[in-house]
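*Asks:* The following block contains the structure, expressed as C-alpha cells.
The values are calculated or read from the model by the stated rules, or taken from the named source; none is laboratory data. Note that this is a predicted model, so its numbers are computed, not measured. Every residue, glycine among them, receives a Cβ derived from its backbone with ideal geometry; neighbour counts consider all protein chains shown. Just so you know, the surface numbers come from the protein's heavy atoms only, side chains and all, with ligands and any DNA or RNA stripped out. Shrake-Rupley method; radii C 1.70, N 1.55, O 1.52, S 1.80 Å.
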2 protein chains.
Amino acid sequence: MGLIVQKFGGTSVGSVEKIQNAANRVIQEKQNGHNVVVVVSAMGKTTDQLVSMAETINSHPSKREMDMLLTTGEQVTISLLSMALKAKGFDAVSYTGWQAGIETEPIHGNARITDIDTTRIQDQLGCGNIVVVAGFQGASIDGEITTLGRGGSDTTAVALAAALNADKCDIYTDVTGVFTTDPRFIKGARKLAGISYDEMLELANLGAGVLHPRAVEFAKNYHVPLEVRSSLEHENGTIIEEETTLEQNLVVRGIAFEDQVTRVTVCGLPNELTTLSTIFTTLAANGINVDIIIQSSTSQEKTSISFSVKTGDLDETVKVLEQFKNNLNYEKIETEKELSKVSIVGSGMISNPGVAAEMFEVLANEGIQVKMVSTSEIKVSTVIEHEKMVRAVEVLHEAFQLSKQEAVV
Amino acid sequence: MGLIVQKFGGTSVGSVEKIQNAANRVIQEKQNGHNVVVVVSAMGKTTDQLVSMAETINSHPSKREMDMLLTTGEQVTISLLSMALKAKGFDAVSYTGWQAGIETEPIHGNARITDIDTTRIQDQLGCGNIVVVAGFQGASIDGEITTLGRGGSDTTAVALAAALNADKCDIYTDVTGVFTTDPRFIKGARKLAGISYDEMLELANLGAGVLHPRAVEFAKNYHVPLEVRSSLEHENGTIIEEETTLEQNLVVRGIAFEDQVTRVTVCGLPNELTTLSTIFTTLAANGINVDIIIQSSTSQEKTSISFSVKTGDLDETVKVLEQFKNNLNYEKIETEKELSKVSIVGSGMISNPGVAAEMFEVLANEGIQVKMVSTSEIKVSTVIEHEKMVRAVEVLHEAFQLSKQEAVV
C-alpha cells in the first residue's frame, strides 16, 4: 500500500461526465490499495470565462483580485469531484489551497510555494479518506489567497507529492504521454516510455505544453517520480525520473518547436566590455523576455548583437530600444519576422559531440538555413524560416530515428 | 464621518452592469465621507446553477461539499465588485468569510456566527480602503468553510455592522423598502418610512421575503439600525429600528400573506393530558414543520386537533400520522387544501385589545370564513380559503387605513 498523488487538468474535469470519469480513475487506485491525494484544476474554460468577465469590469484588474476570482474555479471542481466520489461510495474530503496547508510567497499571480503543512491531509488519509485538493492556489502566511501562475496545478501536485513523500505523482491530461515531437504536426511522432527530468525540463521550456517547467524542476529537486498519462485512455503514459533506464541508447529524446519567433539585430554598437550587459539589462528592466543571443563583431570598434523574441513582444522591444538609443549608442535596428525555433533534446548528447553538427547537416541537406543557434549540454536550438518548420522537424525526427524505436505499450 | 455597512443581494449584483451600479452606490457613501464595508451575495442565479450541477453528480450531496461549492459564488462577486471600485478610482480590498474573521459553529449548511474578529477589516478601513466581504459564509474554528443558510448575506451584513459598531446597515435589494403589504398583489400597498424590529420580525416570519428573520433578530439584539432600500432607485427606503418614532399612531403596520397552506385535522383522539405532546413530538421527530395549532374537545373522552402545514409537506405529514396510528390512537384524518394565511402585524395592538375582533368583523362582512386563528402580542394570523386571500388583504388594508397614511418620500 502506497501513496499516490493524481493530478487532473482542466480538460480532464471539463464536464460533469469527465468529473465522473476522473472519479473512476481515483477509485481504481484506491481499490488497488493505495492512499490517494487528488489535485484538480478549474473545469475546462472556466478560467477563461472568469478572466473575460473581469476584463469587462476593469481593463487592468489587480492581481490580488484576479487571484480571488480565479481560485473559485478549482474550488468548484474539488467539491464536485468529492461529491462524485461519495456518490460512488468512497469517502472523500475537499480542501482549498489554504486549507491543504499550501503556503506561498506573499505575491499575487505567480507565487512560489514556500512551505506545505500536510497535517490536515495526513489526518484525513489516516481516516481512509480520499483527499481532493484545489491546484494552482495557496495562501501567504498572512492569509492572502495567492495563485502559482501558469501550470500551477502541476506544481501543486508535485509539491504535495514531495511533501507527503508520495510513491508517485500521476499527471492525467488529454494526451497519452510525452511524445518525441508534437503528433498534431508530425505523423511519425511516438510516445516515449520514459524521459529524464533534465530532458523534460528542456522540452517543457522549449514549448512542449504537456508539463510546466516549474513542476518538472520541483520533481527533479525532490526526486518525485512523475507519470504523464491520459485521463480517458487506459494505457501506460510516460515516466519522468532521474535517469531513465529505458531507451538508454537514444541520443535525441525529443524535438520541440515553436513559431512566432522574431530576430532583432542591433547594428553598429560600440565594441566595449559593457555593451552586452547594458543592452540586456535595459530590455529586462522593461519586461522584455529575450531567448537566443548572438554577438558578432564586425570591426574592432563596432559590433552587432542579434537576439530572438516572441513576435508578440516585437513592438515593445523596438520601442524600448528606440527610447534608449542615446544610452545604447547603436546605428540601426533590423528585424526579421516569420521565424520559428526547432530544438532537439537528449541526455545522450553529452557523450556524443557530433549531434549538433549532424543536426546542421540534416537541415542543410534540405536547404534549410539556420539563422541562430543556441546549445546546452542536452539540447540544440535553431532558429529557421517559419515556413520550413514542420519539414525541419520531420527530417530531424527521421534522421535521429525517433519514429523507429520499438513501440511503447 | 461614520461607518456604514451596505449589503447587495443577488439581484442587485446579477450582472456586470448591476455590479457597476452597486459600485456607484458604494462610492456615493464614500464620497459622503463615510467608511464603507460592503457585503455581497452570489450573482443572480449562480447559486441555483451550482446546486443543479451538484445534483447531476450526487442526488444527496454532503452539506460540507455544498458549502465548498456555493461559497465560490460570493467569492466571484467580491472580486468583481472590488475591481469595479478600483476601475472607478477607489481603493478596495475583498475578503472571503474566513478572511473577514467570521467564525461560525462547526455545522454545514446552516451555521450560526459565533464570533467576528474584525482586526483585518478595521486595519483596511484605517488605510482608507473600501472593504468588500463575501456574505453567507464563514469558517469554523478548525478552518472548515461553512454557510449561514437562507438569507445568510443579510445576517453577515447585520453581524458585521454589530461587531464594527457601525452607524447604519443598509440592505440594498430589488424593492424600494418594506411595504404595508405585497405591492405585486395589492394596489394600495404603501412603502413604510419605518417599522420596529419586532414588527419586521413578525412580517419576515410570516412570509415577507424582503429580510431574513435571523438577520432582523440579530439587528434587534445588537441595536443595529437597518434600512431596506432599492439598489436601482434613489429614494429613501424603510428604516427598521427599536421603536419607530414615525407613524406612531398606526395600530397595524403591515399585512403578510402566504398561500399553499393545508389544514390537517386528527379526529377522535383520546382526551388525555399527553395527547398534544405525543402528536407534535412525533411530527417534529419526522421533520414536519407545523404552523397554527387548534384543539377542540368534542366530548369528555374524545378530542380533535387541527394544525396547518405547508401544502408541500402534506403527503409526508399524512404518511407519518398513518405510520404511528397505533401510538396516537386516533379515529381518522381529515385534510383541507387550497387555504392561505393572512396576518396583520403592528406593535400598536398591545395597547388596542379590539384589533383581532375588528379583523374578524372585516372578514365576516366580506363573507370570508376564518378557519384557524393564531395570535401574538403584535400579530393576528388567520387561515382562510385561498381564493379569498387577495380580497381579504385588500379589505384589511383598507379597514386599517394602511393606504391612507401620508406618502413617504
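*Asks:* In segment A:295-342, what count of residues is obtained for those that are β-branched (V, I, T) and touching a residue at least 60 places away in the same chain (Cβ under 8 Å)?
*Replies:* Filtering segment A:295-342 down to residues β-branched (V, I, T) leaves A:298, A:303, A:305, A:309, A:311, A:317-318, A:320, A:333, A:335, A:342.
Still in the list and also touching a residue at least 60 places away in the same chain (Cβ under 8 Å): A:333, A:335, A:342.
Residues flagged as β-branched (V, I, T) and touching a residue at least 60 places away in the same chain (Cβ under 8 Å) within segment A:295-342 amount to 3.
*Asks:* Tell me, which residue of segment A:137-173 that is among the hydrophobic types (A, V, I, L, M, F, W, C) and within 14 Å of chain B (Cβ to nearest Cβ) is surrounded by the most Cβ atoms within 10 Å (Cβ to Cβ)? Explain how you work it out, then say what you get.
*Replies:* Residues of segment A:137-173 that are among the hydrophobic types (A, V, I, L, M, F, W, C), as a first pass: A:139, A:141, A:145, A:148, A:157-164, A:166, A:169, A:171.
Still in the running and within 14 Å of chain B (Cβ to nearest Cβ): A:139, A:141, A:145.
On the way: A:A139: 23, A:I141: 11, A:I145: 27.
Restricting to residues being among the hydrophobic types (A, V, I, L, M, F, W, C) and within 14 Å of chain B (Cβ to nearest Cβ), the top hit is A:I145.
*Asks:* Any residue at all in segment B:124-134 that is assigned to a loop (DSSP other than H, G, I, E, B) and closer than 17 Å to B:V224 by Cβ?
*Replies:* Going through segment B:124-134, the residues assigned to a loop (DSSP other than H, G, I, E, B) turn out to be B:127-129.
Filter again for closer than 17 Å to B:V224 by Cβ, leaving none.
No, every residue in segment B:124-134 fails to be assigned to a loop (DSSP other than H, G, I, E, B) and closer than 17 Å to B:V224 by Cβ.
*Asks:* Is at least one residue of segment A:191-202 open to solvent by 30 Å² or more (accessible area, probe 1.4 Å), outside any helix (DSSP H, G or I), touching a Phe, Trp or Tyr at 6+ places or on another chain (Cβ under 8 Å) and not small (G, A, S)?
*Replies:* The answer is no, given that none of the residues of segment A:191-202 is open to solvent by 30 Å² or more (accessible area, probe 1.4 Å), outside any helix (DSSP H, G or I), touching a Phe, Trp or Tyr at 6+ places or on another chain (Cβ under 8 Å) and not small (G, A, S).
*Asks:* Name every residue in segment B:96-112 that is facing chain A (nearest Cβ under 9 Å) and either open to solvent by 10 Å² or more (accessible area, probe 1.4 Å) or more than 24 Å from the chain's Cα centre (by Cα) (or both), in order of residue number. I'd like the intermediate steps shown before the answer.
*Replies:* The first filter runs over segment B:96-112 and keeps only residues facing chain A (nearest Cβ under 9 Å), leaving B:96, B:98-99.
Those that are facing chain A (nearest Cβ under 9 Å) and either open to solvent by 10 Å² or more (accessible area, probe 1.4 Å) or more than 24 Å from the chain's Cα centre (by Cα) (or both): B:W98, B:Q99.
*Asks:* Which one of the conditions (1) part of a strand (DSSP E or B); (2) within 30 Å of A:V395 (Cβ to Cβ) does A:V175 fail to meet, given that it meets all the rest?
*Replies:* (1)
*Asks:* Right, something else. When only residues in segment A:37-55 that are within 11 Å of another protein chain (Cβ to nearest Cβ) and more than 18 Å from B:Q20 (Cα to Cα) count, which is surrounded by the most Cβ atoms within 10 Å (Cβ to Cβ)? If you could, list the steps in order and put the result at the bottom.
*Replies:* Of segment A:37-55, the ones within 11 Å of another protein chain (Cβ to nearest Cβ) are A:42-43, A:46, A:49-50, A:52-55.
With the extra rule that they be more than 18 Å from B:Q20 (Cα to Cα), the set shrinks to A:42-43, A:46, A:49.
Values: A:A42: 27, A:M43: 24, A:T46: 19, A:Q49: 13.
That would be A:A42.
Okay, residues lined up against (1) free of Cβ contacts under 8 Å to residues at least 24 places away in the same chain; (2) out of contact with any Ser or Thr (no Cβ under 9 Å at 6 or more places or on another chain):
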| residue | (1), (2) |
| --- | --- |
| B:I4 | no, yes |
| B:K30 | no, yes |
| B:L50 | yes, no |
| B:M53 | yes, yes |
| B:D67 | no, no |
| B:D91 | no, yes |
| B:Y95 | no, yes |
| B:T104 | no, no |
| B:I107 | no, no |
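*Asks:* Given the criterion within 14 Å of the chain's Cα centre (by Cα) and outside the structural domain of A:T119 (by TED's automatic domain parsing), identify the matching residue among A:E202, A:E258.
*Replies:* Numbers: A:E202 fails: outside the structural domain of A:T119 (by TED's automatic domain parsing).
Criteria check complete, one pass: A:E258.
*Asks:* Here's something else I'd like to know. Just one of (1) closer than 29 Å to A:E377 by Cβ; (2) in contact (Cβ under 8 Å) with a residue 60 or more places away in the chain; (3) surrounded by fewer than 18 Cβ atoms within 10 Å (Cβ to Cβ) trips up A:T281, so point out which.
*Replies:* In the conditions (1) closer than 29 Å to A:E377 by Cβ; (2) in contact (Cβ under 8 Å) with a residue 60 or more places away in the chain; (3) surrounded by fewer than 18 Cβ atoms within 10 Å (Cβ to Cβ), A:T281 misses (2) alone.
*Asks:* Out of segment B:222-244, which residues are in contact with a helix residue (DSSP H, G or I) (Cβ under 8 Å, 6 or more places away or on another chain), more than 19 Å from B:S347 (Cα to Cα) and open to solvent by 60 Å² or more (accessible area, probe 1.4 Å)?
*Replies:* Passing the criteria: B:Y222, B:L232.
*Asks:* In contact with a His (Cβ under 6 Å, 6 or more places away or on another chain) and more than 22 Å from B:S12 (Cα to Cα): which single residue out of B:R64, B:R112, B:R120 fits that description? Before you say what the answer is, go through the steps one by one.
*Replies:* Values: B:R112 fails: in contact with a His (Cβ under 6 Å, 6 or more places away or on another chain); B:R120 fails: in contact with a His (Cβ under 6 Å, 6 or more places away or on another chain).
Going through B:R64, B:R112, B:R120 in turn, the sole match is B:R64.
*Asks:* Applying the selection to segment A:117-127, what residues are more than 13 Å from chain B (Cβ to nearest Cβ), open to solvent by 30 Å² or more (accessible area, probe 1.4 Å) and in contact (Cβ under 8 Å) with a residue 24 or more places away in the chain?
*Replies:* Scanning segment A:117-127 gives A:Q122, A:C127.
*Asks:* Output the residues belonging to segment B:34-54 that are closer than 23 Å to B:Q99 by Cα and assigned to a helix (DSSP H, G or I).
*Replies:* Kept after step one, since they are closer than 23 Å to B:Q99 by Cα, are these residues of segment B:34-54: B:34-43, B:46-47, B:50.
Correct list: B:T46, B:T47, B:L50.
*Asks:* Here's a check for you: in segment A:160-194, which residue that is aliphatic (A, V, I, L, M) and under 15 Å from the mean Cα position of the chain (by Cα) is nearest to A:V228 (Cα to Cα)?
*Replies:* Taking segment A:160-194 and keeping what is aliphatic (A, V, I, L, M), we get A:160-164, A:166, A:171, A:175, A:178, A:186, A:189, A:192-193.
If we keep only those that are under 15 Å from the mean Cα position of the chain (by Cα) too, we end up with A:171, A:175, A:178.
Numbers: A:I171: 5, A:V175: 8, A:V178: 7 Å.
So, considering only residues that are aliphatic (A, V, I, L, M) and under 15 Å from the mean Cα position of the chain (by Cα), the one nearest to A:V228 (Cα to Cα) is A:I171.
*Asks:* Can you work out which of the residues in segment A:13-33 that are open to solvent by less than 50 Å² (accessible area, probe 1.4 Å) and in a loop (DSSP other than H, G, I, E, B) is farthest from the other protein chains (Cβ to nearest Cβ)?
*Replies:* As a first pass, look at segment A:13-33 and keep what is open to solvent by less than 50 Å² (accessible area, probe 1.4 Å): A:13-16, A:19-23, A:25-27, A:29-30, A:33.
Those still in the list that are in a loop (DSSP other than H, G, I, E, B) too: A:14-15, A:33.
Numbers: A:G14: 13, A:S15: 10, A:G33: 25 Å.
It comes out as A:G33.
*Asks:* Sticking with this structure for a sec: Could you please find all residues in segment B:277-298 being more than 19 Å from B:M372 (Cα to Cα) and not in a loop (DSSP other than H, G, I, E, B)?
*Replies:* Of everything in segment B:277-298, those that are more than 19 Å from B:M372 (Cα to Cα) and not in a loop (DSSP other than H, G, I, E, B) turn out to be B:S277, B:T278, B:T281, B:T282, B:L283, B:A284, B:A285.
*Asks:* (1) of a type outside the set (D, E); (2) under 21 Å from the mean Cα position of the chain (by Cα); (3) surrounded by 20 or more Cβ atoms within 10 Å (Cβ to Cβ): which one isn't true of A:V290, the others all being true?
*Replies:* Condition not satisfied by A:V290: (3).
*Asks:* Of everything in segment B:56-87 that's within 24 Å of A:V93 (Cβ to Cβ) and more than 9 Å from every other protein chain (Cβ to nearest Cβ), which residue is least open to solvent (accessible area, probe 1.4 Å)? Quick ask: steps written out before the conclusion?
*Replies:* Residues of segment B:56-87 that are within 24 Å of A:V93 (Cβ to Cβ), as a first pass: B:56-76.
Next, from what is left, pick out any that are more than 9 Å from every other protein chain (Cβ to nearest Cβ): B:63, B:74.
Working: B:K63: 138, B:E74: 6 Å².
Within segment B:56-87, the match that is least open to solvent (accessible area, probe 1.4 Å) is B:E74.
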